[in-house]
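The values are calculated or read from the model by the stated rules, or taken from the named source; none is laboratory data. All values reported here derive from a predicted model rather than from experimental measurement. As a convention, Cβ positions derive from the backbone with ideal geometry for all residues, glycine included, and neighbour counts pool all protein chains shown.
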Amino acid sequence: MDEVKIILLGDAGVGKTSLINCFIHEGDGLGSSGKRSGSGGGVRSSHYDPDVRVKEVKLSDSRSVKTYLHDSPRREHSFNSQSVAPNFYRNADVVILVYAVDENPTLEALQDCWVTEYASYQDVTSTSWIIVGNKNDLPLDIDQKNLDHLVQRLGGPSEVVTLFASAKTGKNVKEVFEIAAKKGHDRRKMKEGTLNLADRRAIKPKSGGAAAGGGSSRSGGGGCC
Ligand SMILES: Nc1nc2c(ncn2[C@@H]2O[C@H](COP(=O)(O)OP(=O)(O)OP(=O)(O)O)[C@@H](O)[C@H]2O)c(=O)[nH]1
Ligand SMILES: [Mg+2]
């Protein structure tokens, strides 16, 4: 089965973990208390990282994709380590940027902080982007210009999907991850196609030139904002 790496980025408290939990629990929102009872459920990855959940998603053509959902580690024990961030960002097929619709600064932070940090490790064109305004059950308090600028920076409206969702009510949560699975799957196939082409080129005689790919990774570390 094809596999897709999806990472979630955004400020503390915007609801990244809640969105993943809601999806794993099949649209069961947080409820009126804002808290979920029980163990948290879901399938944890057998990988080293406890913040990775795995869920199979059926695409519209009835094929299935295994999604690896990488929740950002909480900042206080995450990107201070120079070795964590590059691994976290590496080979992400999709990045889901999450802000809270009732807090415009969390939207501003996506551009000023999270995309900037991502771009210091990987080219922004190396992944697919989805922007999610979570907590859509609360009154909206965002500046549309911030959202428009962010979309432009990531390649424009034809490249970037923007959605509102609520991990509290479950609204649109399944849609967010299904779109991510589809976009990730398409990107994987595109990458494989590129690789095959590169392989074919490699066996032809050539007159020098640098190898393609590799992205713009950074060797140093450092925290976000
Ligand atoms: N009203 C409302 N509250 C939400 C929603 N999603 C999450 N919350 C609440 O927001 C708080 C933070 O949610 P988390 O899922 O822990 O946020 P996070 O982005 O994972 O935060 P960090 O792990 O600290 O980075 C919790 O109290 C949630 O109950 C939502 O859609 N609506
Ligand atoms: Mg969290």
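The figures follow:
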quantity	calculated
Pairs where the first residue, in region 103-131, is within 17 Å of VAL160 (Cα to Cα) and the second is among the small types (Gly, Ala, Ser) and in a helix (DSSP H, G or I), C-beta under 7 Å, 6+ apart	SER128/GLY184; ILE130/ALA180
Residue within region 130-138 that is modelled with pLDDT of 95 or more, away from ligand 2 (no atom under 16 Å from the Cβ), out of contact with any Phe, Trp or Tyr (no Cβ under 8 Å at 6 or more places or on another chain) and β-branched (Val, Ile, Thr) present	yes
Residue match in region 116-139 (condition: of a type in the set (S, T, N, Q) and over 24 Å from ASN87 (Cα atoms))	yes
Qualifying residue in region 75-87 (condition: more than 16 Å from ligand 1 (Cβ to nearest atom) and either under 26 Å from MET1 (Cβ atoms) or not polar (S, T, N, Q) (or both))	yes
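Results for (1) among the charged types (D, E, K, R); (2) at pLDDT 95 or above, shown as yes or no for each residue.
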{"site": "MET1", "(1), (2)": "no, no"}
{"site": "ILE6", "(1), (2)": "no, yes"}
{"site": "LYS16", "(1), (2)": "yes, yes"}
{"site": "LEU19", "(1), (2)": "no, yes"}
{"site": "GLY29", "(1), (2)": "no, no"}
{"site": "SER39", "(1), (2)": "no, no"}
{"site": "ASP49", "(1), (2)": "yes, no"}
{"site": "LYS55", "(1), (2)": "yes, yes"}
{"site": "LEU59", "(1), (2)": "no, no"}
